[in-house]
Amino acid sequence: MTTRAVRLAQPLAREVLEEVAKLHGVCIRPVALKRLDIHTGKSEIIDVPCGATLDSKCGPCARRNRSLRMAQCREGWHLDHEPSITPDPATEDQRWLIEFRADLQARRDHATDEGEAADWDQAIAELDAEINRAGMRGNVVGRTTKRNRSTKRRQDAPDLPRRTMAGTTLGRTYEAGDGKSYRPSLFVTLTLPGYGKVRDGIPINPDAYDYRRAARDALHFSKLIDRFVQNLRRVAGYDVQYFATVEPQRRLAPHLHMAIRGTLPRAEMKQIAAATYHQVWWPPADEPLDQAPVWAQDGYLNPATGEYLPTWEQALDQLDEPQHVIRFGDQVDVKGVLAGTPDADQTIRYLSKYLTKSLGQTPDTQAQRDHAARFVEALRYEPCSPACPNWLRYGVQPKNARRGMTPGQCRFKAHKPEHLGYAGRRVLVSRKWSNKTLAEHKQDRRTWVLQALGQPDEPTDPHRYLWTPVSAGDANLPALGLRLLRSIRERQRWREHLRQLEQQDLSATSPPEVAA
Ligand SMILES: [Zn+2]
Ligand SMILES: [Zn+2]
């Protein structure tokens with residue numbers, strides 16, 4: 001008989017299973033779906049990889065995503081021909097959504113009072129998001145006209161040289177004396193300004209560290225990136241393409257790594273970064289009200305005065321200066337990279353280094369934890385969007401205000417410790433970067449594996465299967481442990497098969513990008 005101490009020293013079988021699954025690149029949080037084959041009438045439960053968004057704890061899926069991203073980055077960086085981009089034809093579902101959108105628009109146009117109109121606007125906004133989710137780009141009505149603002153509120157074009165636009169997305173090719181040609185590109189790192197002295201990422205004097213500014217900069221960082229790209233294209237004089245990742249610095253501010261196709265003089269890149277800024281035309285959010293606003297009938301009022309707080313629209317009309325102006329810091333790193341060199345490969349790895357981690361990585365030391373906690377506290381009452389309940393704290397009704405909003409309890413992800421103010425996408429890829437979308441890179445890899453295994457990669461009839469979710473309590477759903485065991489076995493089998501093929505030297509090609 002084993003003693004208690006010996007038993008406790010043994011690892012849990014279930015944990016070892018998870019470890020082994022990770023080693024084999026098997027998704028540890030698979031989503032079970034019931035697949036009904038309408039050709040045969042058979043249905044079975046299929047495990048679909050969770051596909052790990054960055055917030056997920058599934059390491060294997062996160063690593064797989066990262067390696068797909070690396071393939072995508074490599075594909076487009078030094079293209080020497082224009083990518084041909086032809087949109088797919090619209091599907092029946094997509095057409096139906098647009099018809100539905102037309103219907104809602106008609107109802108909105110016939111709405112008689114403001115409240116009703118606002119309800120339709122909200123429904124339309126949700127439908128527009130759905131339209132994008134259904135794989136259609138852009139807004140159905142095109143660029144909507146923004147609020148009429150006085151000219152002094154318009155953001156000035158920065159003082160930068162401007163070249164005439166050439167209709168290309170490619171960088172130049174240079175011929176060297178020996179007849180060889182070179183396609184140089186750029187790798188640029190952009191950083192936010194300082195908020196106070198730091199040592200190893202920790203403020204030396206936390207009281208003097210400008211957490212509010214750091215929070216606002218993080219909240220609006222993605223807008224600054226957009227401005228930078230606009231300015232870059234204007235100066236470069238061609239439709240510059242980029243693959244960029246947003247990553248955390250040790251001081252917890254986001255910064256940007258950007259692979260840019262083509263090249264510009266280093267001094268010009270620095271000039272563009274220095275001239276780029278973004279103004280946030282939001283109401284001020286510095287002085288909290290003494291008393292929390294209360295809901296009355298159809299809006300929030302200030303209990304001290306008994307008057308309704310200005311609505312979001314009213315507050316915007318009163319503005320005469322921006323709430324915040326965001327710029328990059330002085331640290332601009334510009335590096336030239338040549339196509340097909342080991343240097344290019346290494347840079348791609350570096351670019352995607354943090355893609356399996358969240359912005360607010362788990363801090364190691366107490367000082368880091370304290371710093372992160374202060375940052376999160378600063379973000380807690382900072383309004384993250386026009387609809388953020390935090391506006392109530394500063395005497396403004398949030399956009400689409402409704403009963404029950406509480407400042408400090410906004411659920412939007414910008415406030416969460418793992419996002420640290422930056423709620424935008426972590427990977428930013430311009431539209432003409434390569435010919436392929438991430439889904440197509442995935443398909444590439446699948447095709448390669450199937451070919452190596454000598455199996456046909458037939459396009460499946462998209463209407464053949466009906467997928468429905470399986471609830472966790474479903475009696476037909478095997479225990480997760482059992483499902484993981486099967487997936488590991490499956491993985492081992494095809495790995496072994498591939499190895500045999502390689503030994504027989506039948507597989508001359510190498511995989512597009514194989515996950516570690
Ligand atoms: Zn997963
Ligand atoms: Zn918020």
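Tabulated data
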{"read-out": "Residues of the range 387-408 satisfying the condition of being assigned to a loop (DSSP other than H, G, I, E, B) and basic (K, R)", "value": "K399, R402, R403"}
{"read-out": "Number of positions in the range 148-201 that are under 30 Å from T341 (Cα atoms), outside any loop (DSSP other than H, G, I, E, B) and at pLDDT below 85", "value": "4"}
{"read-out": "Which listed residue, of G404, G408, is more than 13 Å from ligand 2 (Cβ to nearest atom), surrounded by fewer than 18 Cβ atoms within 10 Å (Cβ to Cβ), of a type in the set (G, A, S) and touching a residue at least 24 places away in the same chain (Cβ under 8 Å)", "value": "G404"}
{"read-out": "In the range 376-386, residue surrounded by the most Cβ atoms within 10 Å (Cβ to Cβ) [restricted to those that are more than 8 Å from ligand 2 (Cβ to nearest atom) and in a loop (DSSP other than H, G, I, E, B)]", "value": "Y381"}
{"read-out": "Any chance Y422 is crowded, with 20+ Cβ neighbours inside 10 Å, aromatic (F, W, Y) and assigned to a loop (DSSP other than H, G, I, E, B)", "value": "yes"}
{"read-out": "Hits in the range 411-437 - residues which are free of Cβ contacts under 8 Å to residues at least 24 places away in the same chain and β-branched (V, I, T)", "value": "T437"}
{"read-out": "When residues of the range 23-42 are limited to those that are over 24 Å from the mean Cα position of the chain (by Cα) and free of Cβ contacts under 8 Å to residues at least 60 places away in the same chain, the one most open to solvent (accessible area, probe 1.4 Å)", "value": "K42"}
{"read-out": "Selection count where residues are of a type in the set (V, I, T) and either modelled with pLDDT of 85 or more or open to solvent by 100 Å² or more (accessible area, probe 1.4 Å) (or both), scope the range 75-95", "value": "1"}
{"read-out": "Sole residue being within 16 Å of ligand 1 (Cβ to nearest atom) and of a type in the set (S, T, N, Q), chosen from S352, S358", "value": "S358"}
{"read-out": "Long-range neighbours under 9 Å by Cβ, at least six apart or interchain, first residue without any contact (Cβ under 8 Å) to a residue 60 or more places away in the chain within the range 285-300, second part of a loop (DSSP other than H, G, I, E, B)", "value": "D290/A304; Q291/P303; Q291/A304; V294/P303"}
{"read-out": "Residue check, A439 modelled with pLDDT under 90, within 16 Å of ligand 2 (Cβ to nearest atom) and aliphatic (A, V, I, L, M)", "value": "no"}
{"read-out": "Qualifying residue in the range 309-317 (condition: part of a loop (DSSP other than H, G, I, E, B), within 16 Å of ligand 2 (Cβ to nearest atom) and not acidic (D, E))", "value": "no"}
{"read-out": "So L392, is it more than 16 Å from ligand 1 (Cβ to nearest atom) and of a type in the set (A, V, I, L, M, F, W, C)", "value": "yes"}
{"read-out": "Conditions (1) open to solvent by less than 30 Å² (accessible area, probe 1.4 Å); (2) within 16 Å of ligand 2 (Cβ to nearest atom); (3) farther than 30 Å from G25 by Cα; (4) in contact with a Pro (Cβ under 8 Å, 6 or more places away or on another chain); number of the one not met by H371", "value": "(2)"}
{"read-out": "Answer residue from the range 365-389, given it is within 24 Å of D121 (Cα to Cα) and out of contact with any Phe, Trp or Tyr (no Cβ under 7 Å at 6 or more places or on another chain) and is farthest from ligand 1 (Cβ to nearest atom) among those", "value": "P389"}
{"read-out": "Some residue of the range 216-238 being under 30 Å from K436 (Cα atoms), part of a loop (DSSP other than H, G, I, E, B) and either hydrophobic (A, V, I, L, M, F, W, C) or open to solvent by 30 Å² or more (accessible area, probe 1.4 Å) (or both)", "value": "no"}
{"read-out": "Residue check, I46 of a type in the set (V, I, T), part of a strand (DSSP E or B) and either more than 27 Å from the chain's Cα centre (by Cα) or at negative phi (or both)", "value": "yes"}
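A quick yes/no check of all residues on (1) assigned to a helix (DSSP H, G or I); (2) modelled with pLDDT of 85 or more; (3) within 13 Å of ligand 1 (Cβ to nearest atom); (4) not β-branched (V, I, T):
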site: L36; (1), (2), (3), (4): no, yes, no, yes
site: G51; (1), (2), (3), (4): no, no, yes, yes
site: D55; (1), (2), (3), (4): no, no, yes, yes
site: R69; (1), (2), (3), (4): yes, yes, no, yes
site: L97; (1), (2), (3), (4): yes, no, no, yes
site: D103; (1), (2), (3), (4): yes, yes, no, yes
site: A106; (1), (2), (3), (4): yes, yes, no, yes
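The values are calculated or read from the model by the stated rules, or taken from the named source; none is laboratory data. Everything numeric here is computed off the predicted structure, so don't read it as measured data. As a convention, Cβ positions derive from the backbone with ideal geometry for all residues, glycine included, and neighbour counts pool all protein chains shown. Side chains included, ligands, DNA and RNA excluded: accessible areas come from the protein's heavy atoms. Shrake-Rupley method; radii C 1.70, N 1.55, O 1.52, S 1.80 Å.
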